[in-house]
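The values are calculated or read from the model by the stated rules, or taken from the named source; none is laboratory data. Predicted model only: the values in this text are computed from it and were never measured. To get the accessible areas, we keep the full protein, side chains included, count just its heavy atoms, and leave off ligands, DNA and RNA. Shrake-Rupley method; radii C 1.70, N 1.55, O 1.52, S 1.80 Å.
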Amino acid sequence: MGSSTSGAPHLEATVPVGRAINPVSSTNWEGTGVQPDIPCAAADSLDHAHALALARLAG
């Protein structure tokens, strides 16, 4: 829906101007990743999350 575009390429560059810093550790996750609250194997994560959600709903 709408009108035709000119067909010219649209180039855009994004330059970060900030950095997320953890107020407790004064670090960020760059190069280390984000550690999960509940570690488990990636292949089991959906089943594990589902079981935790059901347990939480059951009270």
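Computed quantities for the displayed model
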item: Heavy-atom accessible area per residue - the chain, 1.4 Å, Å²; result: 101 Å²
item: Share of carbon and sulfur in the accessible heavy-atom surface of the chain [1.4 Å probe, %]; result: 59 percent
item: Shape box of the chain [Cα atoms, principal axes, largest first, Å]; result: 57, 39, 23
